[in-house]
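Asks: Please find one structure pasted underneath; my questions will follow.
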Amino acid sequence: MRRTTVVLLAGLVLAFTGRTISAHHAFAAEFDVNKPVTLRGTVTKVELINPHGWLHVDVAGSDGKMTNWAIETTGPNQLLRRGWRKETVQIGFEVVVQGFQARDGSPTANGTSVTLPNGQKLFLSSAGTGAPEEQPKKN
Amino acid sequence: MFRSAIVGAILALVPAAIPAAVAGQQAAAPKPTARTSVAPPDFQGYWQGSGYATVDEAYDLENGMPENERIITGRSAATTRTKRADVVVIDTPDRKIPYQPWALALRDQLAKAAYAPTKLEDIDSLTRCFQMGVPRQSFLGGFQVVQMPGYVFIAHGNGGARTISLDGRPHLDSKIKLWAGDSVGHWEGNTLVVDVTNINEHGWYDVAGNFHSDNLHLVERWTVVDANTLRYEVLNDDPKVFTKPWILKNEYKRNTEEGYEQWENSCFEGERGVQLMLNAAKRANPQ
């Protein structure tokens, strides 16, 4: 009941906030909803480019082999409006990324969130409005 | 030629005009929109979609966003209003676009391909970093309105711009086709009525393959309801594709966020999604 109320409130707040909406393409054609991934690794590159930003993270496999993953984020404008700055995610940061792997099988994923070394969890998804009620809860 | 020069001159003036308009908007509380017989309402500033169409309808006008899309993009089901009975985006009895039978079959084919594209043409124009065209650009993302004598200019946050002429000029030659078409408007009370022709066939209504031909004729009604509310209705007439004209509706709220600016969104700067989609198709059907 409480959960329902919270969800309903979130919907109502969204209806009355004037945030930019940026969904635009078929992410499900690009990423596999059946392949959620949690990636722990080291940031090697940050690209704040349009129409989507990219985080690159070195992730060690169970065999110790390192794979560089490319993580798609929402656009840089949306990241900036959510409070992201150039120094927010830095090369060398140990991060945990959650997302969905690309359907082409490459080490590419659509990022849902990234957790920074200080525990801060940032919302990366592309179709959100950026409204506070859509942000993931902090751990 | 003369017209091109005028439009070019106006466009050249826009960057200079925007800061003044923005400064004016931020310095004062929202102005009342009461108008005199000589002054149209001032609806300059930033607007955001707030009613009727949500990101769901922007994705698929008839059916909203599929569940797997919602999961990947982290969008709560609670934010969709597609199924709500009181939300009228498509003003037909069944809330469906009145396609001719052949067009409905093509739309279904396009929709299927849009969710599992195998070639560039399967993917909507915005994803491929072209413009959205009209009327789609009025359903996705915010926009800025700038009013000048004889013109209303709309710059869309997701790319694309409109110059609406208010001098009653004739439309361009019908052989000329443009993403945003040719817009000629006039004020009826607090409603800006815009006749749009010369629209190309490349812009869909959404991601899901809802389409029109290059014979599409729009009559838009932008109604300034109050200082912070803008209502949009567009009559879509395309006898090549639809069985009858139909209306799309949306509503916007003024963006009152202090210091808000509309930033560049240069889509082609680093677009990689299209290739990932086509790679997925190749992997699914290696031949």
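None of the figures in this text is laboratory data; all of them are computed from the coordinates on show. What you are looking at is a predicted structure, and each value in this text was computed from that prediction instead of being measured. Because the Cβ atoms are built from the backbone with ideal geometry, glycine has one as well, and the counts that use them run over all protein chains shown.
Asks: Relative contact order of the range B:41-284: what whole-number percent is it, with Cα pairs under 8 angstrom and at least 6 residues apart? Before the final figure, lay out each step's value.
Replies: Details: 490 pairs, mean separation 59.2, N = 244.
Contact order relative to length: 24 percent.
Asks: Then there is this: A:Asp58: net charge of surrounding residues, Cβ under 12 Å, Lys/Arg +1, Asp/Glu -1, itself excluded?
Replies: Numbers: positive: A:Arg40, A:Lys45, A:Lys65; negative: A:Glu94.
Net charge in that neighbourhood comes out at +2.
Asks: Determine which residues of the range A:92-127 fall in the zone a paramagnetic label at A:Ala60 would reach in this model, i.e. backbone nitrogen under 14 Å from the point 7 Å along Cα→Cβ.
Replies: A:94-95
Asks: Per residue of the range A:30-40, in order, report the coupling 6.51 cos²θ - 1.76 cosθ + 1.60 (Karplus, θ = phi - 60°) as ³J(HN,Hα) in whole Hz, putting x for Gly and Pro.
Replies: 9, 10, 9, 5, 8, 10, x, 10, 10, 10, 10
Asks: Whole-Hz Karplus ³J(HN,Hα) for the range B:258-272, in order, using 6.51 cos²θ - 1.76 cosθ + 1.60 and θ = phi - 60°, x for Gly and Pro?
Replies: 5, x, 4, 10, 9, 9, 4, 10, 7, 4, 6, 3, x, 5, 10
Asks: Turning to a different aspect of this structure: Taking other Cβ within 10 Å of each residue's Cβ, how do A:Lys35, B:Lys244 sort, fewest first?
Replies: Placing the least packed residue first, the sequence is B:Lys244, A:Lys35.
Asks: Taking a spot 7 Å from the Cα of B:Gln100 along the direction of its beta carbon, which residues of the range B:236-251 have an amide N less than 13 Å from it?
Replies: Under cut-off, by backbone N: B:238-245.
Asks: Still on this model: Note down the nm distance, to one decimal, between modelled labels 7 Å out along Cα→Cβ at B:Gln287 and at B:Phe130.
Replies: Result: 2.5 nm between the two label points.
Asks: Mean separation of Cα pairs under 8 Å and 6+ residues apart, divided by the residue count of the range B:152-287: what relative contact order is that in percent? Present the calculation step by step, with values, prior to reporting the outcome.
Replies: Working: 225 pairs, mean separation 20.1, N = 136.
Computed over the range B:152-287, the figure is 15 percent.
Asks: Principal axes first, then extents: for the Cα atoms of the range B:41-284, list largest minus smallest coordinate on each axis, whole Å, largest first.
Replies: 55, 43, 40
Asks: Convert each backbone phi in the range B:176-190 into a coupling constant with the Karplus relation 6.51 cos²θ - 1.76 cosθ + 1.60 (shift: θ = phi - 60°), then list the ³J(HN,Hα) values in order as whole Hz, x for Gly and Pro.
Replies: Karplus values, whole Hz, x for Gly and Pro: 8, 10, 10, 4, 9, x, 10, 10, 10, x, 8, 8, 10, x, 8.
Asks: What pairs from B:Lys112/B:Lys244; B:Lys244/B:Lys282; B:Lys119/B:Lys177; A:Lys65/B:Lys119; B:Lys96/B:Lys177; B:Lys240/B:Lys282 go past 30 Å between their alpha carbons? Can you show the working numbers first?
Replies: Numbers: B:Lys112/B:Lys244 25 Å; B:Lys244/B:Lys282 40 Å; B:Lys119/B:Lys177 24 Å; A:Lys65/B:Lys119 34 Å; B:Lys96/B:Lys177 27 Å; B:Lys240/B:Lys282 35 Å.
Too far apart for the 30 Å limit: B:Lys244/B:Lys282; A:Lys65/B:Lys119; B:Lys240/B:Lys282.
Asks: Please give the FRET efficiency for A:Ser106 paired with B:Met148, using the beta carbon to beta carbon distance and R0 = 56 Å, rounded to the nearest 0.05. Provide the component values of the computation, followed by the final result.
Replies: Working: r = 49 Å, r/R0 = 0.87.
Efficiency computed from Cβ-Cβ geometry: 0.70.
Asks: Let me ask something additional. Once the Cβ-Cβ distance between B:Asp108 and B:Ile247 is put in as r, and R0 is 35 Å, what FRET efficiency do you end up with, to the nearest 0.05? Walk me through the intermediate numbers first.
Replies: On the way: r = 23 Å, r/R0 = 0.65.
For B:Asp108 and B:Ile247, the calculated efficiency is 0.95.
Asks: What FRET efficiency do you get for B:Asp237 and A:Lys45 if R0 is 60 Å and r is their Cβ-Cβ distance, rounded to the nearest 0.05?
Replies: With a Förster radius of 60 Å, E is 0.75.
Asks: Taking square-rooted eigenvalues a ≥ b ≥ c of the alpha carbon gyration tensor, is the range A:27-134 rounded, prolate or oblate, where a/c under 1.5 means rounded and, failing that, a/b exceeding b/c means prolate?
Replies: Values: a/c = 1.71, a/b = 1.20, b/c = 1.43.
It is oblate, given that a/c is not under 1.5 and a/b is not larger than b/c.
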